[in-house]
Amino acid sequence: MIDVIRSESRGHADHGWLEARHTFSFAGYHNPAMMGFGHLRVINEDRVAGGQGFGTHPHNDMEIITYMIEGALEHKDSMGNGSVIRPGELQRMSAGTGVLHSEFNASDTEPAHLLQIWVIPESMGIEPGYEQKLFTNDEKRNTLRIVASRDARDGSLGIHQDLDLYASVLEAGETLEHRFAPGRRGFLQLVRGELTVNGAEVRAGDGVALDNEPALTIESTEPAEFLLFDMSPRASGKT
């Protein structure tokens, strides 16, 4: 089964300094049919104005992944980490027993554009942790580059869940194939460009929930960038 979640159907919040699109229920957006998919709980596409950001706030028992699209985001947390995240970089913060952090646009003038993703961990109350790594466009070009996994294989970031996250930058006219092991589920988030996914047309901002699909054929009709999640089964609020 393929369910395309159109960009325009997502929840929308405009706070002036922050414009956000919510694939799943989040903050003031509540849709009982969209409470998550598999291990995914949040996929937010955020645009943060120059000089603005999220002040210090708490998280616990969640794997939080930040994928920068444009601009730069300055991160500080109670574990002592301080960094700037730039396009192509992936950050994983395991909130575990509890962390405080802040995120601010690193530029006073240019907007920052990012995806923030929350993954439900396989165990509660773990020790908080942090990783950040650049995956270049050359590494991702016309291939599925694994960027996060439970076993941190092939230089990917480690994540406390049975989930493989792939990133790709696909040139126009290219095709990729991906097979799911029996019983696994998938979710594709298109960052930019246009694709067909098993024949379904997908545009920038769209998500694709994949259930009982043994294989994927991903074709680019124009240059595209996307993330693909391959995860073990879990009861979901998205049907």
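The table below lists the values:
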quantity: Filter result (surrounded by 18 or more Cβ atoms within 10 Å (Cβ to Cβ) and either farther than 11 Å from residue 227 by Cα or touching a helix residue (DSSP H, G or I) at 6+ places or on another chain (Cβ under 7 Å) (or both)) within segment 181-205; calculated: 184, 185, 193, 195, 197, 202, 205
quantity: Verdict on residue 51 being on the phi > 0 side of the Ramachandran plot, free of Cβ contacts under 8 Å to residues at least 40 places away in the same chain and part of a loop (DSSP other than H, G, I, E, B); calculated: no
quantity: Residues of segment 61-119 classified as outside any strand (DSSP E or B) and either under 25 Å from residue 38 (Cβ atoms) or among the polar types (S, T, N, Q) (or both), total; calculated: 10
quantity: Subset of segment 63-77 [closer than 13 Å to residue 44 by Cβ and out of contact with any Leu (no Cβ under 9 Å at 6 or more places or on another chain)]; calculated: 64
quantity: Residue ID - surrounded by the most Cβ atoms within 10 Å (Cβ to Cβ), chosen from residues in segment 94-127 that are out of contact with any Gly (no Cβ under 9 Å at 6 or more places or on another chain) and farther than 23 Å from residue 162 by Cβ; calculated: 101
quantity: Single match in 174, 131, 122 (criterion: in contact with a His (Cβ under 8 Å, 6 or more places away or on another chain), charged (D, E, K, R), more than 19 Å from residue 211 (Cβ to Cβ) and touching a residue at least 24 places away in the same chain (Cβ under 8 Å)); calculated: 122
quantity: All positions within segment 25-43 that are within 20 Å of residue 210 (Cβ to Cβ) and assigned to a strand (DSSP E or B); calculated: 37, 40, 41, 42, 43
quantity: Selected residue (criterion: surrounded by the most Cβ atoms within 10 Å (Cβ to Cβ)) from residues of segment 137-174 that are charged (D, E, K, R) and within 15 Å of the chain's Cα centre (by Cα); calculated: 164
quantity: Residue satisfying condition, being among the β-branched types (Val, Ile, Thr), farther than 23 Å from residue 137 by Cβ and in contact with a Ser or Thr (Cβ under 7 Å, 6 or more places away or on another chain), within set 85, 5; calculated: 5
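Every number in this text was worked out from the coordinates using simple rules, so none of it is lab data. These numbers were taken from a predicted model, which means no experiment stands behind them. For neighbour counting, all protein chains shown are included, and Cβ atoms are generated from backbone atoms with ideal geometry for every residue, glycine included.
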